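The values are calculated or read from the model by the stated rules, or taken from the named source; none is laboratory data. No experiment lies behind these values; they were computed from the predicted model shown. Neighbour counts are summed over all protein chains in view; Cβ atoms, including those assigned to glycine, are modelled from backbone coordinates with ideal geometry.
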Amino acid sequence: MKDWTAARVASAAGAELLRPDRRGGGPRAFTIDSRNVPPGALFVGIPGERVDGGAFAVDALAAGAWGVLVTPERAAAAASGEGAILAADDPIAALGRLARAWRRELDARVIGVTGSTGKTSTKDLVAGLLAGEKRTVKSRGNYNTEIGLPLELLGAPPETEALVLEMGMRGAGQIAELASIAEPDVGVIVNVGPVHLELLGTVEAVAAAKAELIAALPPGGTAIVPAGEPLLEPHRRDDVAWVTFGAGGDVELEAYELNRAVVRAGDERFVLDIELPQRHQLENLLAAVAAARAVGVTPRGHVRFEASAHRGERIEAADGVLVIDDCYNANPMSVAAGLDDLAHTARARGGRAVAVLGDMLELGAAEREAHAAAGRQAAEADVDVLVTVGPLAAAMVDPFGGESYAVADAAEAAALLPEVLQPGDTVLVKASRGVGLEVLVEALT
């Protein structure tokens with residue numbers, strides 16, 4: 001966007017240009033953090049519950065910002081500095097409009113990815129499949145909100161050919177909002193499960209919220225969904241390609257051994273060399289293959305898969321202990337998959353399976369039964385030791401029935417684990433983000 005004028009930036013954002021940048025040209029970067037303003041960046045002051053980021057507009061300009069996008073009240077206070085000043089009543093909405101304008105400027109295919117679990121890994125897999133064929137940008141970490149997604153879009157360079165954007169969902173309407181900014185050509189729904197029930201109430205409502213991505217596709221776009229998922233059938237569209245993945249679907253796994261996957265799609269077969277940290281990532285791989293084909297890329301050869309932090313990373317610790325760091329988030333579906341992976345890995349290594357499971361949040365009225373079910377699943381997976389973290393996770397102990405420990409928080413877990421672990425153990429660390437189990441991972445590794 002460096003060649004855009006300040007007037008064009010303001011118009012695209014639906015903002016009022018109070019003062020242009022005297023140096024000419026447009027912003028070279030975008031940030032909402034006044035403590036880290038790259039030279040030539042547009043600083044967007046986001047009003048928050050506790051702090052209004054617009055209060056730091058002067059600081060951002062002094063740090064070398066190209067300009068600031070803030071509320072009219074904050075814009076007046078920034079007038080003494082150097083750089084462009086853009087004013088909008090709602091800076092978040094203005095940021096989204098600006099990102100949409102840049103998306104339309106790019107000659108790129110956009111793939112939106114959402115799901116109850118596995119959306120980040122699927123996004124990473126899609127990017128890995130595209131990287132050798134197209135200049136690809138994928139959204140980072142948790143940049144999947146009405147603030148993060150526009151920042152990732154705006155960060156895409158002009159030569160970008162493919163954008164892979166994760167779309168998070170906290171409630172009804174949010175996917176629709178993100179899709180209105182990204183305008184995806186391809187929409188991937190990895191799965192639908194019992195998450196965010198505290199806000200949405202039913203799994204059917206979760207499916208409807210995820211299906212907002214399908215509704216946003218243009219005629220001729222491509223919807224990629226799990227095979228045999230009845231919850232998405234009411235949202236099927238006849239004017240988009242409907243591609244299913246998984247057993248019985250349009251894209252199926254034929255074999256996976258020695259880090260080599262054979263994938264069938266119609267009459268075609270693709271042999272992919274890829275090392276997946278968890279076997280349940282194979283479903284995500286199938287969705288990624290479907291997405292790559294939808295934008296004209298034929299999957300082939302070695303696929304470089306770079307998993308995002310705290311999402312199934314395997315870390316060697318002292319005494320031959322293997323830590324499976326999956327502590328970024330948790331829900332009933334992902335915990336069940338994680339326990340299966342733990343059991344498989346521990347058996348292959350010949351040591352004990354130790355599960356450290358923390359609270360799963362935002363499950364509403366189903367929270368106690370969901371945690372009890374996780375305890376039963378741990379027993380069925382032949383987990384040797386269960387450590388629960390938090391008041392909700394404690395409900396796993398009785399259904400588990402084996403050697404178990406219940407602690408209040410991550411700090412207590414970090415103090416306990418060195419006393420519990422034995423050489424050669426495999427340890428799964430998993431909980432909702434709010435539990436903060438990365439503290440435990442750092443202590444162990």
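Here are the numbers:
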item: Which numbered condition Val51 misses (of (1) farther than 30 Å from Pro277 by Cβ; (2) at pLDDT below 95; (3) in contact with a strand residue (DSSP E or B) (Cβ under 6 Å, 6 or more places away or on another chain)); result: (3)
item: Hits in the range 313-339 (condition: β-branched (Val, Ile, Thr) and either within 17 Å of Asp359 (Cα to Cα) or surrounded by fewer than 18 Cβ atoms within 10 Å (Cβ to Cβ) (or both)); result: Ile315, Val335
item: Matching residues in the range 35-45 - criterion: being surrounded by 19 or more Cβ atoms within 10 Å (Cβ to Cβ) and touching a Gly at 6+ places or on another chain (Cβ under 7 Å); result: Val37, Leu42, Gly45
item: Residues of the range 209-254 that turn out to be free of Cβ contacts under 8 Å to residues at least 40 places away in the same chain and of a type in the set (Lys, Arg), as a count; result: 2
item: Given (1) within 17 Å of Val441 (Cα to Cα); (2) touching a Leu at 6+ places or on another chain (Cβ under 9 Å), index of the condition Ser308 fails; result: (2)
item: Among (1) among the small types (Gly, Ala, Ser); (2) at pLDDT below 95; (3) under 24 Å from the mean Cα position of the chain (by Cα); (4) farther than 22 Å from Lys119 by Cα - the single one Ala410 does not satisfy; result: (2)
item: Test result for Ile46, touching a strand residue (DSSP E or B) at 6+ places or on another chain (Cβ under 7 Å) and either farther than 23 Å from Ala156 by Cβ or outside the structural domain of Thr145 (by TED's automatic domain parsing) (or both); result: no
item: Cβ-Cβ under 7 Å pairs, at least 6 apart or on other chains, the range 428-439 side closer than 11 Å to Ala413 by Cβ, far side of a type in the set (D, E, K, R) and part of a strand (DSSP E or B); result: Val429/Asp325
item: Yes/no for Lys134 being basic (Lys, Arg) and within 17 Å of the chain's Cα centre (by Cα); result: no
item: Total residues in the range 433-445, condition buried (at least 22 other Cβ atoms within 10 Å of the Cβ) and in a loop (DSSP other than H, G, I, E, B); result: 1
item: Lone unmet requirement of (1) more than 16 Å from Ala317 (Cβ to Cβ); (2) surrounded by fewer than 24 Cβ atoms within 10 Å (Cβ to Cβ) for Val420; result: (1)
item: Selected residue (criterion: nearest to Val243 (Cα to Cα)) from residues of the range 289-316 that are in a loop (DSSP other than H, G, I, E, B) and touching a Pro at 6+ places or on another chain (Cβ under 9 Å); result: Phe305
item: Flag if Gly128 is within 30 Å of Gly338 (Cβ to Cβ) and more than 14 Å from the chain's Cα centre (by Cα); result: yes
item: Of residues in the range 322-336 being hydrophobic (A, V, I, L, M, F, W, C) and under 17 Å from the mean Cα position of the chain (by Cα), the one farthest from Ala366 (Cα to Cα); result: Cys327
item: Some residue of the range 278-285 being surrounded by fewer than 18 Cβ atoms within 10 Å (Cβ to Cβ), under 15 Å from Gly301 (Cβ atoms), assigned by TED's automatic domain parsing to the domain that holds Asn191 and not aliphatic (A, V, I, L, M); result: no
item: Restricting the range 18-34 to residues that are under 15 Å from Gly155 (Cα atoms) and among the small types (Gly, Ala, Ser), the residue that is surrounded by the fewest Cβ atoms within 10 Å (Cβ to Cβ); result: Ala29
item: Residues of the range 202-227 that turn out to be of a type in the set (Gly, Ala, Ser) and either loosely packed, with under 12 Cβ neighbours inside 10 Å or over 28 Å from Ala366 (Cα atoms) (or both), as a count; result: 5
item: Some residue of the range 238-260 being among the hydroxyl-bearing types (Ser, Thr, Tyr) and over 20 Å from Ala207 (Cα atoms); result: yes
item: Candidate set: the range 1-59, residues that are in contact with a Phe, Trp or Tyr (Cβ under 8 Å, 6 or more places away or on another chain) and hydroxyl-bearing (Ser, Thr, Tyr); chosen: the one farthest from Ala99 (Cα to Cα); result: Ser34
item: Candidates Ile224, Ile214, filtered to the one that is closer than 17 Å to Val243 by Cα and assigned to a helix (DSSP H, G or I); result: Ile214
item: Tally of residues being more than 28 Å from the chain's Cα centre (by Cα) and assigned to a loop (DSSP other than H, G, I, E, B) across the range 1-32; result: 13
